[in-house]
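What follows is one structure encoded as structure tokens, with my remarks underneath.
The values are calculated or read from the model by the stated rules, or taken from the named source; none is laboratory data. Quick caveat, the model's predicted, so the values are computed rather than measured. Here Cβ is always computed from backbone atoms with ideal geometry, including for glycine, and neighbour counts include all displayed protein chains.
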């Protein structure tokens with residue numbers, strides 16, 4: 001019996017009718033939506049919210065730019081107890097050569113030893129400075145994240161400041177004519193180091209720094225002073241104006257240095273008298289209250305093409321002129 005075509009399987013013949021189009025929607029559906037965006041690019045995804053928070057925090061935080069010079073010569077780090085840590089082989093050797101006081105020399109375990117490290121060890125042994133071997137992690141923590149310690153660090157103790165009137169008492173007890181330098185707003189440690197060095201060279205007996213908005217005695221000051229910081233005491237004044245007024249009550253004249261001073265340095269007549277020379281910052285000069293406290297405000301004659309002298313040089317020139325005046329008074 002022959003197979004009988006089943007119903008519905010026979011193709012019907014007839015006129016073809018064109019089907020209606022979809023307007024391109026079908027093609028777009030077949031193309032899809034493209035690759036899936038990253039999680040951080042989806043607005044409502046937790047990763048995108050975390051990325052946005054990080055960008056906002058980065059915009060609020062100022063970016064610190066480091067230079068090769070800073071990385072090779074890191075600045076000392078001051079700890080909570082007032083001590084400093086000088087890091088880096090060159091910095092440590094220079095600090096030891098300058099005879100900066102030190103509590104300890106730290107060396108990383110299994111470090112590569114070169115001539116600088118050998119010299120640091122030799123000087124530390126000669127001066128009786130303890131040498132401690134620590135891990136690299138300990139040195140990283142001690143010197144801070146920005147320092148390149150190169151496996152070596154030196155711990156410098158906090159400087160012990162004198163009281164201004166105690167310094168004056170000691171000078172008078174020796175029978176000397178007081179010659180003191182006071183700083184008003186000087187913040188560069190190199191200037192303080194240079195002033196200490198000039199004071200030691202020209203008969204100065206002490207330097208006074210205010211407690212606020214002023215540089216203190218740091219490792220950089222010790223290095224710049226070339227050892228003078230060990231010979232010239234530095235006193236700290238809680239209030240500089242009050243301290244200057246107390247000096248005046250004790251019979252000490254106060255002379256300020258300022259480019260607009262009415263008295264030219266060669267015309268200064270107080271050089272042989274008990275004297276406090278007040279040096280202001282290079283940018284702002286003397287503050288108003290300090291200027292009003294001075295007995296005289298002195299200017300240093302300089303070439304018109306030169307705008308000003310920095311604090312260290314101005315103090316050096318004035319100390320030299322005062323020392324010359326004192327030598328003439330004794331002749």
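For this structure, a couple of remarks:
- Among the residues of region 285-293, some residue qualifies, meaning at least one is more than 17 Å from residue 186 (Cα to Cα) and without any contact (Cβ under 8 Å) to a residue 60 or more places away in the chain.
- Only residues that are touching a helix residue (DSSP H, G or I) at 6+ places or on another chain (Cβ under 7 Å) and under 21 Å from residue 254 (Cα atoms) were counted in region 216-240, giving 5.
- Where strands (runs of 3 or more DSSP E) fall entirely within region 121-186, those with at least 3 residues that are out of contact with any helix residue (DSSP H, G or I) (no Cβ under 6 Å at 6 or more places or on another chain), crowded, with 20+ Cβ neighbours inside 10 Å and at pLDDT 95 or above are at 179-184.
- Top-ranked residue of region 109-120 - restricted to ones that are outside any helix (DSSP H, G or I) and in contact (Cβ under 8 Å) with a residue 12 or more places away in the chain, ranked as surrounded by the most Cβ atoms within 10 Å (Cβ to Cβ): 111
- Flag if residue 325 is without any contact (Cβ under 8 Å) to a residue 60 or more places away in the chain, over 22 Å from residue 185 (Cβ atoms), loosely packed, with under 13 Cβ neighbours inside 10 Å and more than 30 Å from the chain's Cα centre (by Cα): no
- Of the listed requirements (1) part of a strand (DSSP E or B); (2) at pLDDT below 95, residue 278 misses just one: (2).
- Answer residue from region 281-300, given it is assigned to a loop (DSSP other than H, G, I, E, B) and within 22 Å of residue 199 (Cβ to Cβ) and is modelled with the lowest pLDDT among those: 282
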